[in-house]
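Only one structure is covered here, and it is reproduced in the block below.
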Amino acid sequence: MANVIVRGYYGALLKRLTEKNPLLQVLTGPRQVGKTTLVKQVLKDESIAGFYVTADQVTQGHDVWLETQWQRAVAAASETEKPFCLVVDEVQKIPQWSEIIKRLWDARNEDASQFNLLLLGSSRLLMQQGLSESLMGRFETLYLGHWDLDEMQEAFGVSTDEYIFYGAYPGGAHLIHDPDRWYSFLQDAIVETSLSKDILQMTRIDKPALLRNMFDVGCAHSSRELSYSKILGQLDGAGNTTTLAHYLRLLGSAGLLSGLEKFDKSQIRRRASSPKLQVHNNALLLISEFKPFEQIRNDHTAWGRYAESAIGAYLLNKSHEKRFRLHYWRDGNYEVDYVISKGDKITGVEVKTGAKSKLSGLERFKQKFPGAKGLIVGSRGIPVEEFLRTSPENYL
């Protein structure tokens, strides 16, 4: 994987790990975005000492293994004057990990005041459950999301069109000119690993085939609103809307596929709405049917959908990092593709790639929510490439 210091997280993470009396640090994000690479680079910095361990291959004696690593770190920290950090990767794979960490963290003594602990995990939902159950008030998080356009171009030289089509997995960037190998990487290193290791092995799934079918259908309909009943109609195997909603949350926690809620000031109506399906990385659009780049690029309708999904994926990832909310909006035949909000600030975002696209949905939205801003991306608005290079917060 390319040097991830270009992402800009290096300094922020190093600062946290060298502070005196820090909170417990948690680094989360999807698979294959560079979390481990970033941490190992930080540990090589001259201003810090420490070591990295992973629970990925630990099959038994998890509590003893974790306590052993803790004692190693305590001993090593006493031998250096530098801030010291123990990094534990894939910590969510340890049963009752949060209780063990709480016991060790609360029992640390004054001699280990420079002893920092960094936890890594690829399942945001499972990490959050453990943190909220046992470690409330003891930690802060740093979310490392999918790579954006500037990062992929600086590290790999991909074009904007290649970014929209192939998405943003750095591990497969060098394979985009060999489509068969790239697709194999996507299936084996991303999809199957995320489903089998981050979801199926970590959470009880009564209908694994339904989960996989849900994922395939969702990727095929990214950036489209689809009711759960319609989703069920396209799936092989029995299920219900409650099960589908749960599976969709799990897929979202793995950084794969989410269901955006309809924007409404009533939380009850938001949760009762049909989801707008949205991949976290545009590469996943090709899971259901892999078509050549040239075929999609020359099909105006298909390319318009890819562009809209790329905008949605970008907003979704930035919403985790920048702490704003992302929804869609519909009122009868009026619709707005994406709605970003933070506090009282609201902006509707319409993605328009056709010259004859109508803007009535955005106009209706602004009437419905006085004070809200309207934004057009694409034709007659902000170019897609420019939008993908700008922080969404600048438009709130």
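The values are calculated or read from the model by the stated rules, or taken from the named source; none is laboratory data. In this text, all values refer to a predicted model and were calculated from it rather than measured experimentally. Note that each Cβ is placed from the backbone with ideal geometry, even for glycine, and that neighbours are counted across all protein chains shown.
Details
- Restricted to the stretch 150-175, and to residues there that are part of a loop (DSSP other than H, G, I, E, B) and in contact (Cβ under 8 Å) with a residue 60 or more places away in the chain, the residue that is nearest to residue 307 (Cα to Cα) is 167.
- The stretch 262-291 - residue that is farther than 28 Å from residue 196 by Cβ and modelled with pLDDT of 85 or more and, of those, surrounded by the fewest Cβ atoms within 10 Å (Cβ to Cβ): 264
- Test: residue in the stretch 69-90 that is closer than 26 Å to residue 192 by Cα, within 29 Å of the chain's Cα centre (by Cα), buried (at least 17 other Cβ atoms within 10 Å of the Cβ) and free of Cβ contacts under 8 Å to residues at least 40 places away in the same chain: yes
- Residue 92 vs. criteria polar (S, T, N, Q), closer than 16 Å to residue 29 by Cα and at pLDDT 75 or above: yes
- Residue check, residue 173 farther than 29 Å from residue 328 by Cβ, surrounded by 17 or more Cβ atoms within 10 Å (Cβ to Cβ) and touching a helix residue (DSSP H, G or I) at 6+ places or on another chain (Cβ under 6 Å): yes
- Unmet criterion (only one of (1) of a type in the set (Phe, Trp, Tyr); (2) in contact (Cβ under 8 Å) with a residue 40 or more places away in the chain; (3) part of a helix (DSSP H, G or I)) for residue 147: (3)
- Which numbered condition residue 189 fails, given (1) under 17 Å from the mean Cα position of the chain (by Cα); (2) at pLDDT 90 or above; (3) in a helix (DSSP H, G or I); (4) surrounded by 16 or more Cβ atoms within 10 Å (Cβ to Cβ): (4)
- When 175, 200 are screened for being out of contact with any Leu (no Cβ under 8 Å at 6 or more places or on another chain) and of a type in the set (A, V, I, L, M, F, W, C), only 175 passes.
- Of all the listed residues (303, 329), the sole one being in contact (Cβ under 8 Å) with a residue 40 or more places away in the chain, closer than 21 Å to residue 267 by Cα and of a type in the set (Phe, Trp, Tyr) is 329.
- Among residues of the stretch 18-72, those that are farther than 28 Å from residue 170 by Cβ, assigned to a loop (DSSP other than H, G, I, E, B) and aliphatic (A, V, I, L, M), counted: 1
- Qualifying residue in the stretch 280-297 (condition: in the same structural domain as residue 161 (by TED's automatic domain parsing), among the basic types (Lys, Arg) and either in a strand (DSSP E or B) or in contact with a strand residue (DSSP E or B) (Cβ under 6 Å, 6 or more places away or on another chain) (or both)): no
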